[in-house]
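A.B. asks: Have a look at this one before I ask anything.
The values are calculated or read from the model by the stated rules, or taken from the named source; none is laboratory data. No experiment lies behind these values; they were computed from the predicted model shown. Here Cβ is always computed from backbone atoms with ideal geometry, including for glycine, and neighbour counts include all displayed protein chains.
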Amino acid sequence: MSNLEDHPAEQRVCTARGADPAPGTELLQPREVPLGGPRAMTVRRALPGKNRRMIGAWCFADVYGPTDVGARGGMQVPPHPHIGLQTVSWLVHGHVRHQDGLGSDQLVRPGQLNLMTAGDGIAHSERTPDQAPPLLHGAQLWVALPEADRAGAPRFEHHADLPVWEARDARVTVIAGEVAGHRSPARVHTPLMGAEVVLPAGARFDLPLDPAFEHGVLALDAPVHALGHRVEAGSLLYLDPGRAQVGLHTDQDAHLLVIGGEPFAEDLVMWWNFVGRDHDEIVAARTRWEAERVDPGTAPRFAPVTGDEGPPLPAPGTAGRRQGSRVRRRAVSAPTPAGTGP
């Protein structure tokens, strides 16, 4: 998806720590962000947050829905660009059609993974297709690419048959990395993991964790209890490294995502749909996208999304103000209004 805020701020992103409400944990409350105009679908964005920007290489997390597709049209995000990241699309209900400049045209359904690696640049669109189920509900996450891989060629993967671990009181689908010996086929570029956990009402379940990773518990549709916290739908509970498991329980049927990874060792700058390393790189990407959007005959960095009839999404009017260095592991608010997006 694309960030459709009018004035996204450039953010210096570090593996930031804020004041923890309990030792080693931090409950991140989402902010609501509309995706589009008057009929916009609203998402709840937990990363990047005010006090924490990343969990491992995971640098962005939106939860959307459940929304009535008939009333609002579902997701309608026209062609837009990305650099320096991977997009992870995950559904609980509904269908989303992905098209990109590589020629990919893929419908994603619940339990399936769409993984797009932007590398040096890619454009894509995401739309609720005609004849889609009546409800749309899911999550969009980004993974920052490390320096060694971020300028590579773009790539798209669709995985319809992910490993599933059936445990007592839980069903775990491994989206990325490895959980309890079950490994996803998705290609990642830093040590990380991501999994969907489905719990029936009244369930109690201990999910194994890698102690070298920091982790996040993202509730999708019902409150989940973990380490003394009640994590409401759309909220994200941060867990510091050193934990071999996390106990999860719920009073209602619940879907949640658990993400994690080794603390990311590089500072990032995020603005709109771009993940870079400095202000000049962000400005250059914005300038190139606008040139190609206005004149499709330009030699493309962002190849056109063939098959999508909508006009490409204009970039916001400014790439923000140049930022100085930031101390790692301290979150610093951006100097201008906010944003990064699906």
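A.B. asks: Condition test on T67, is it in a strand (DSSP E or B), out of contact with any Ser or Thr (no Cβ under 7 Å at 6 or more places or on another chain), hydroxyl-bearing (S, T, Y) and modelled with pLDDT under 95?
C.D. replies: Values: in a strand (DSSP E or B): yes; out of contact with any Ser or Thr (no Cβ under 7 Å at 6 or more places or on another chain): yes; hydroxyl-bearing (S, T, Y): yes; modelled with pLDDT under 95: yes.
Yes: the conditions hold for T67.
A.B. asks: While we're here: Could you figure out which of (1) over 19 Å from L35 (Cβ atoms); (2) at pLDDT 95 or above isn't true of M270?
C.D. replies: Status for M270: all satisfied but (1).
A.B. asks: So, one more: Output the number of the condition that R230 fails; it satisfies all remaining conditions of (1) in contact with a Phe, Trp or Tyr (Cβ under 6 Å, 6 or more places away or on another chain); (2) without any contact (Cβ under 8 Å) to a residue 12 or more places away in the chain.
C.D. replies: (1)
A.B. asks: So if I check each of D68, D130, D105, D120, which one is within 24 Å of H255 (Cα to Cα) and not hydroxyl-bearing (S, T, Y)?
C.D. replies: Result of the check over D68, D130, D105, D120: D68.
A.B. asks: Quick test for you: out of G234, G202, pick the one residue that is in a loop (DSSP other than H, G, I, E, B), surrounded by 21 or more Cβ atoms within 10 Å (Cβ to Cβ) and either more than 15 Å from the chain's Cα centre (by Cα) or on the phi > 0 side of the Ramachandran plot (or both).
C.D. replies: Result of the check over G234, G202: G234.
A.B. asks: State the number of residues belonging to the range 251-277 that are surrounded by fewer than 18 Cβ atoms within 10 Å (Cβ to Cβ) and farther than 14 Å from A151 by Cβ.
C.D. replies: Adding up the residues that qualify gives 6.
A.B. asks: Moving to a separate point now. Of the numbered conditions (1) under 29 Å from P208 (Cα atoms); (2) modelled with pLDDT of 95 or more; (3) of a type outside the set (D, E); (4) assigned to a loop (DSSP other than H, G, I, E, B), F302 satisfies every one except a single condition; which is it?
C.D. replies: Just one mismatch for F302, condition (1).
A.B. asks: Going through the range 130-163 one residue at a time, which ones are exposed (fewer than 14 other Cβ atoms within 10 Å of the Cβ) and farther than 18 Å from V275 by Cα?
C.D. replies: Those that are exposed (fewer than 14 other Cβ atoms within 10 Å of the Cβ) and farther than 18 Å from V275 by Cα: D130, Q131, P134, A160, D161.
A.B. asks: On the given criteria, is V174 in contact (Cβ under 8 Å) with a residue 12 or more places away in the chain, of a type in the set (A, V, I, L, M) and out of contact with any Pro (no Cβ under 6 Å at 6 or more places or on another chain)?
C.D. replies: no
A.B. asks: Moving on to the next point. Out of curiosity, is T117 in contact (Cβ under 8 Å) with a residue 24 or more places away in the chain, of a type in the set (V, I, T) and over 21 Å from P185 (Cα atoms)? Reasoning before the result, please.
C.D. replies: Working: in contact (Cβ under 8 Å) with a residue 24 or more places away in the chain: yes; of a type in the set (V, I, T): yes; over 21 Å from P185 (Cα atoms): no.
Against the criterion (in contact (Cβ under 8 Å) with a residue 24 or more places away in the chain, of a type in the set (V, I, T) and over 21 Å from P185 (Cα atoms)), T117 does not qualify.
A.B. asks: Is the range 118-129 home to any residue that is assigned to a loop (DSSP other than H, G, I, E, B) and among the β-branched types (V, I, T)?
C.D. replies: yes
A.B. asks: Here is a follow-up. Pull up the range 290-309, narrow it to residues that are touching a Lys or Arg at 6+ places or on another chain (Cβ under 8 Å) and touching a residue at least 40 places away in the same chain (Cβ under 8 Å), then point me to the one that is surrounded by the most Cβ atoms within 10 Å (Cβ to Cβ).
C.D. replies: Ranking the candidates gives F302 first.
A.B. asks: Taking A284, is it under 21 Å from the mean Cα position of the chain (by Cα), hydrophobic (A, V, I, L, M, F, W, C), surrounded by fewer than 18 Cβ atoms within 10 Å (Cβ to Cβ) and modelled with pLDDT of 90 or more?
C.D. replies: When the stated conditions are applied, A284 does not pass them.
A.B. asks: Which residues, counting only those in the range 131-158, are among the hydrophobic types (A, V, I, L, M, F, W, C) and either in a strand (DSSP E or B) or over 14 Å from the mean Cα position of the chain (by Cα) (or both)? Explain how you work it out, then say what you get.
C.D. replies: Within the range 131-158, the first condition is being among the hydrophobic types (A, V, I, L, M, F, W, C), and the residues that meet it are 132, 135-136, 139, 141-145, 148, 151, 153, 156.
Listed by number, the residues that qualify are A132, L135, L136, A139, L141, W142, V143, A144, A148, A151, A153, F156.
A.B. asks: What tally of residues in the range 74-105 results from selecting those that are in a strand (DSSP E or B), modelled with pLDDT of 95 or more and under 24 Å from E292 (Cα atoms)?
C.D. replies: As a first pass, look at the range 74-105 and keep what is in a strand (DSSP E or B): 76-83, 85-93, 96-100, 105.
Next, only the ones that are modelled with pLDDT of 95 or more stay: 79-83, 85-93, 96-100, 105.
Next, only the ones that are under 24 Å from E292 (Cα atoms) stay: 79-83, 85-87, 97-100, 105.
Total satisfying the criteria: 13.
A.B. asks: Return the residue satisfying two criteria in turn: it lies in the range 1-57 and is surrounded by 20 or more Cβ atoms within 10 Å (Cβ to Cβ) and among the hydroxyl-bearing types (S, T, Y), and of such residues it is modelled with the highest pLDDT.
C.D. replies: Once the filter is applied, the top-ranked residue is S2.
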